[in-house]
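Following: one structure in structure tokens, then a few remarks.
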Amino acid sequence: MMIRWLCDALRVRGKFDLLLVFLFGAGFAALPVFALTPSLWGFAAASAVSYAADEALHHRAPTFVRRLSMLQVDRTMRFAVRTLMLLALAQRMDAPRAVLAVGLALFCAHFAMVMLYSAVHHAIRRRRTLPVLVRNLDMSEAGIPQRPPTLLYRRHLRKMLHLDLPAHAGLLAALASGAWYPAYLGYALTGGLAVGAVLALLLQLGRARRMPRREEVISEVNRQLAGHRPEVALYFSFAAVSRDFMYQVNMWIETLEQLDRRPLIILREHPSFQNLSRTSVPVLCVPKADDLAELELPDVRVVLYPGNAGKNVHMLRVAEAKHVFIGHGDSDKLASSNRVSKVYDEIWVAGRAGRDRYQRVRHAISDEAIVEVGRPQLSPIRLHEDHTPGPLPVVLYAPTWEGWSDDDCHTSLIPMGVTLVEKLLAENVRVVYKPHPLTGKRSKEAAAADRAIRALLSADNEQRDAERAEAAVEAARPRLKEIQARLDELAGRHGGDLVQQTGDARVPDPGNAAEWRELHAEWHELFRESRGPVRHSVILKQLPTLYECFNQADVLISDVSSVVADFVAGLKPYVLTNAQDLPDEDFRAAYTTAGGAYLLDRDCTRLPEILRSVREPRHDPMAARRRTLKEYVLGPDSPTSMTRFNAAVEALAAKAEAERAENETAATDGARPRDLVFPQQRTDSSGPAEHADDPAPGPGSARSDRPVPAANA
């Protein structure tokens, strides 16, 4: 318990990182003691420990390092303290005044070189900016210069500060031997390397001055767009964007690639561009609204929005296109039927459940604006009948996050997550734990429960043939890293900064798609085999994918979220957590996806009985309900979701073209063009709100008596 408390307080992951923190602290605390004693060998050991622990913590515990910086104990300060203690040691050991004077001058000059290097580095970064970042269009004619070499550019502060090592080592060697030439040699090496590094970076500053002007870049982007002539754009913005949010876009990439019309992806924040998955679709990242307004997109007929955000208004102003809210999941949360969606021409939902969900705001959203298109991205999910069980039941626990406020909080982590995992371990099952990417971003309680669950699974793994399992994981790690590096390269995230990636952008090789699929499959197979059939897994990264976790699981335990609606596609048993212990009838009435779910109480007393549906497949009373619910939530199996989605795009694009032709005719005849504003804007002037599509409670699940409209209605 004490170790867990210390890990939480210091923001480190486990015992090894905690040991590094203690070594780090002990090393720095020992420096003044050994300097003043004086003890040469004690000081040398403490200095080495402080160097090594400091570097290791930067890799393993960056949150702890950031905490140190907040306390004004940043990296530069730590290096300065270590240097000051070294000079104190030399003075206490009666080093010649000349050695001390030259050393003091050298170390002062070194820190001055660090400051100058940082200033030049900042100047280069300030000049290496583009109004538009590009992927999958040929930008070879844009004249973007190469980024400075990695040796000079990346992690520059760390490298410059570590140039003090020759001077430190030389002075320690001189103190040990009594001969002072090693000290002068070390001083010369440190000074020479620092001056050489600054001069080399100054040469790179001249190259950075040759960056193309803003107008030239936008002109070249427009020239490339004129050649591609995109007709459908997916537009994404999020104020607090990070890799955690990019699932909202990445889930739609394969669907875009299969459209009959030419697609384009428009992003508004640099982190979105960095964390976008591999795609053959042209991608633009345009942070500023003024730059977005200068992009020429005359052929775009349909704009798709996976999320509601304030910056959506910068695209919604384009009256010549039709605007569609497609969302990033189909859940019972209030956000899946938000009145903000009325600013769009149409709202596309998976099935009848999505249409019925909007009944709660029917005074704001007309039924005609809702189109049922299915969920095209669910095709990789295997059906229950095609699943082969392993030696232990595999339980996928995928809790949602804590929401933006307590009113939106649907996560089971806080009230019952730790209890649930403890009881799952007692039932002798294999747990795959995949928390929502935003878990712990707002709630300390959720973050603490998340860490406790990881600790429980890690401890249980140590008892499950630990040595052989760990050996298999370590043996697979190099190949997994190699595959991941190649996947990043295929995704356009190869070496270089974002500007360099734009300069290197080219029309993608069609063969890359096949290589991507093969590497993806190999990564998942290797990951699966290395973990074995009994080892628990904690999934925190983009790989393995959520749908791959679905395919490996025998049963899902989750909260009210779109994860449940997607899992329904496979017809496997699933469990919804009822953390408030509502009566079953009330819970099922409140949440559509509960119609085919087993409900788990807060104390998890129903868990053994629920697991019977996995251990004894014939004892699965919810199977028939799941089949009925699947069509209600996700739509019919035929025609396919991709066919319906494509038909919806075609129908709306045709409508946009007809209205444009009518307006052009009216303008030619001198009449006032019709529908120059969005139809729904005529009755309400409200605009989209930040984060409007995030978790919130859902409406009731009463079915509508209206017939299901055609996909292109």
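Within the range 126-166, list the residues whose amide N lies under 20 Å from a label point set 7 Å along Cα→Cβ of D488.
Inside the label zone: 134-136, 147-159.
Once the dipole of the range 128-252 is set up with Lys and Arg at +1 and Asp and Glu at -1 on Cβ about the Cα centre, which of S237, L152, Q248 lies farthest towards its positive end?
It is L152.
How charged is the neighbourhood of M113? Take every other residue with its Cβ under 13 Å from the Cβ of M113, and add Lys/Arg as +1 and Asp/Glu as -1.
Net charge in that neighbourhood comes out at 0.
Relative contact order of the chain: what whole-number percent is it, with Cα pairs under 8 angstrom and at least 6 residues apart?
For the chain, the relative contact order is 16 percent.
Using the Kyte-Doolittle scale, which helices in the chain average at least -1.0 and also have C-alpha atoms spread 15 Å or more along the helix axis, with helices defined as whole DSSP H runs? Before the final figure, lay out each step's value.
On the way: long enough: 15-36 (32 Å, 1.94); 40-60 (30 Å, 0.24); 75-92 (26 Å, 0.47); 97-127 (45 Å, 1.00); 165-177 (18 Å, 1.40); 181-208 (40 Å, 1.19); 214-228 (21 Å, -0.83); 444-461 (26 Å, -0.17); 466-490 (35 Å, -0.61); 511-531 (31 Å, -1.34); 623-634 (16 Å, -0.63); 641-668 (40 Å, -0.34).
Sorted by number, the helices that extend far enough and score high enough are 15-36, 40-60, 75-92, 97-127, 165-177, 181-208, 214-228, 444-461, 466-490, 623-634, 641-668.
Pull out a ≥ b ≥ c, the square roots of the eigenvalues of the alpha-carbon gyration tensor of the chain, then state rounded if a/c is under 1.5, prolate if not and a/b is larger than b/c, and oblate in the remaining case.
oblate
Would you work out which of A29, V73, S50 lies farthest towards the positive end of the dipole of the range 17-115, given +1 charges on the beta-carbon of Lys and Arg and -1 on that of Asp and Glu, about the Cα centre?
V73
Excluding Q72 itself, calculate the net charge of residues whose Cβ lies under 14 Å from the Cβ of Q72, where each Lys or Arg counts +1 and each Asp or Glu counts -1.
Its environment carries a net charge of +3.
Would you mind getting me the FRET efficiency between R97 and H162? Use the beta-carbon distance for r and R0 = 22 Å, nearest 0.05.
Step by step, r from the Cβ atoms, then E = 0.20.
With the Cα gyration tensor of the range 10-123 giving a ≥ b ≥ c as the square roots of its eigenvalues, does the rule (a/c under 1.5 for rounded; else a/b larger than b/c for prolate; else oblate) give rounded, prolate or oblate?
Oblate is the answer for the range 10-123, as a/c is 1.5 or above yet b/c matches or exceeds a/b.
Order these peptides, 57-70, 118-131, 371-384, by their mean beta-carbon neighbour count within 10 angstrom, highest first. Before the final figure, lay out each step's value.
Working: 57-70: 14.6, 118-131: 16.5, 371-384: 19.4.
Per-residue Cβ counts within 10 Å, averaged per peptide and sorted highest first, yield 371-384, 118-131, 57-70.
Compute, for the chain, the length of the dipole vector about the Cα centre, with Cβ point charges of +1 (Lys, Arg) and -1 (Asp, Glu) only. Units Debye, rounded to 20.
2200
So for the chain, taking the charge dipole from beta-carbon charges (+1 Lys/Arg, -1 Asp/Glu), which of G186, L540, A455 sits furthest toward the positive end?
Farthest along the dipole direction, towards plus: G186.
Could you tell me what percent of the DSSP beta bridges with both partners in the chain are antiparallel, to the nearest 5? Spell out each step's value before the answer.
Working: 3 of 40 bridges.
Taking every DSSP beta bridge within the chain, about 10 percent pair in antiparallel fashion.
Report, in deg cm²/dmol and to the nearest 500, the calculated mean residue ellipticity at 222 nm for the chain, where each DSSP H run with n ≥ 4 adds -39500 (n - 2.57) and the sum is divided by the residue count.
Taking each H run of at least 4 residues, the total per residue is -15500 deg cm²/dmol.
Run the dipole for the range 500-588 about the Cα centre, Lys and Arg Cβ at +1, Asp and Glu Cβ at -1, nothing else charged, and hand back the magnitude in debye, nearest 20.
Details: 8 positive and 15 negative charges, 48 e Å.
About 240 debye.
Can you give me the long-range amide H partners of I557? Hydrogens built in the peptide plane at 1.01 Å from N, cutoff under 5 Å, separation of 5 or more residues or another chain.
Residues meeting the amide H criterion: L396, Y397, A398, V575.
Counting Lys +1, Arg +1, Asp -1, Glu -1, what net charge surrounds D620 among other residues with beta carbon under 14 Å of its beta carbon?
+3
For the range 455-540, what is the charge dipole size about the Cα centre, in debye to the nearest 20, if Lys and Arg each add +1 at the Cβ and Asp and Glu each add -1 at the Cβ?
It works out to roughly 120 debye.
Under 8 Å for C-alpha pairs, at least 6 residues apart: give me the relative contact order for the range 1-112, rounded to a whole percent.
On the way: 81 pairs, mean separation 29.5, N = 112.
Once normalised by length, the contact order is 26 percent.
May I ask for the Kirkwood hydrodynamic radius of the range 162-286, worked out over all distinct Cα pairs and given in angstroms to one decimal?
This gives a value of 19.3 Å.
Can you check how the C-alpha radius of gyration of the range 561-673 compares to 2.2 N^0.38 Å, as a plain ratio?
1.73
Need the list of aspartates and glutamates near K630 for cross-linking: C-alpha distance under 13 angstrom, and skip anything on the same chain fewer than eight residues off.
Counting by Cα, and skipping residues close in sequence, K630 has these aspartates and glutamates nearby: D330, D566.
Excluding residues on the same chain fewer than 8 positions from K481, give the lysines whose Cα lies under 23 Å from its Cα.
Partners found: K434, K541.
Evaluate the range 432-515: find the radius of gyration of its Cα atoms, find its Kirkwood radius, and give the ratio Rg to Rh. Provide the component values of the computation, followed by the final result.
Values: Rg = 19.2 Å, Rh = 16.9 Å.
Across the range 432-515, the Cα-based Rg/Rh ratio is 1.14.
Within straight cross-link reach of K288, meaning Cα distance under 26 Å, which lysines are found once same-chain residues fewer than 8 apart are removed?
K311, K322, K342
Would you work out the relative contact order for the range 498-636, in percent, from Cα pairs under 8 angstrom that are 6 or more residues apart?
Answer for the range 498-636 is 18 percent.
Would you please give the FRET efficiency between A589 and E257, computed as 1/(1 + (r/R0)^6) with r the Cβ-Cβ distance and R0 = 41 Å, to the nearest 0.05?
0.55
Read the figures in this text as sums done on the coordinates, not as results from a lab. Predicted model only: the values in this text are computed from it and were never measured. Methodologically, a virtual Cβ is constructed for each residue, glycine included, from the backbone with ideal geometry; neighbour enumeration extends over all protein chains shown.
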